[in-house]
1. Using 0.36 nm per residue of separation minus the Cα-Cα distance, give me the extension gain between ASP177 and LYS82 in nm, one decimal.
2. Given PHE55, ALA171, THR147, which one lies farthest toward the positive end of the charge dipole of the chain, if we put +1 on the Cβ of every Lys and Arg and -1 on the Cβ of every Asp and Glu?
3. Which lysines have a Cα less than 27 Å from the Cα of LYS82, not counting those fewer than 8 places away in the same chain?
4. Would you mind working out the magnitude of the charge dipole of the range 67-177 relative to its Cα centre, with +1 at each Lys and Arg C-beta and -1 at each Asp and Glu C-beta, to the nearest 20 Debye?
5. Nearest 500 deg cm²/dmol is fine: what mean residue ellipticity at 222 nm does the chain get from its DSSP H runs of n ≥ 4 alone, each adding -39,500 (n - 2.57), divided by its residue count?
6. Which whole-Hz couplings ³J(HN,Hα) result when phi for each residue of the range 93-102 is put into the Karplus expression 6.51 cos²θ - 1.76 cosθ + 1.60, θ = phi - 60°, listed in order with x for Gly and Pro?
7. Report which label in (i) 9, 39, 41, 10, 0; (ii) 9, 31, 28, 13, 5, 5, 4, 4, 1; (iii) 8, 26, 23, 18, 15, 8, 2, 0 holds the value of P(r) over Cα pairs in 10 Å bins from 0, in percent derived from the coordinates of this structure.
8. What is the calculated FRET efficiency for GLN33 to TYR131, with r their C-beta to C-beta distance and R₀ = 30 Å, to the nearest 0.05?
Amino acid sequence: MKSKTIGYRLMEALTKDQIAHMLDVIFDLWGSQKIDDFLQKLNKDVAATLSRLVFSQTSSPEEIISDDKYREEWEQLWDEWKELIYEVGDEEGRYAEQEHHWEAPYFDGCSLAVDLDKVAEKILLILDKIYKLGIEDNNLFEEELSTIEYNIKEYPEWMGAEDEGCYLNRAVTQCVDD
């Protein structure tokens, strides 16, 4: 079995705050020559991001994010989105509402719209960058709307899902428009 690198062992052994403190001390102790040598050994994305962080005049870390970090964040958000879509069409799923046990369940399109909008609000913050990086193409959300529509039609007819429909909220529709 291959042993873990010092980086992974540190991530397992220390808190994020401890790692941040350790890195702050390292950069304080190193001179600019050591930092330059260090940057040369890193992959291009990490080196460019670190260089901007270390030598930038701005103090706002939100402005400097690596491409791989965007990819990672996108994958997490997209998993959240897919998890919600997966529930649509399941008569015992999250969006099948039942007031009383003796009543038939029905499709709750409002809850779906609210849940999708929560994820879409976070997606909107990085969507332009995701498109620029070529991670996804611009018609992604149009395809997703088709999937939602298809899944709604998967509910049994007696649930009235086609009559209820689902009216999406601002953030989701903005994702489609962008």
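1. In short, 32.2 nm is gained.
2. Working it through, the farthest residue towards the positive pole turns out to be PHE55.
3. List returned: LYS69, LYS118, LYS122, LYS129, LYS132, LYS153.
4. Magnitude of the dipole: close to 500 debye.
5. -20500 deg cm²/dmol
6. Working through the residues one at a time gives x, 4, 9, 9, 9, 9, 5, 10, 4, 7 Hz.
7. (iii)
8. The formula returns an efficiency of 0.20 here.
Only the coordinates and a few stated rules stand behind these numbers; no lab work does. Bear in mind the structure is a predicted one, so any value in this text is a computation, not a measurement. Please note: Cβ atoms are built from the backbone with ideal geometry, for glycine as well, and neighbour counts cover all protein chains shown.
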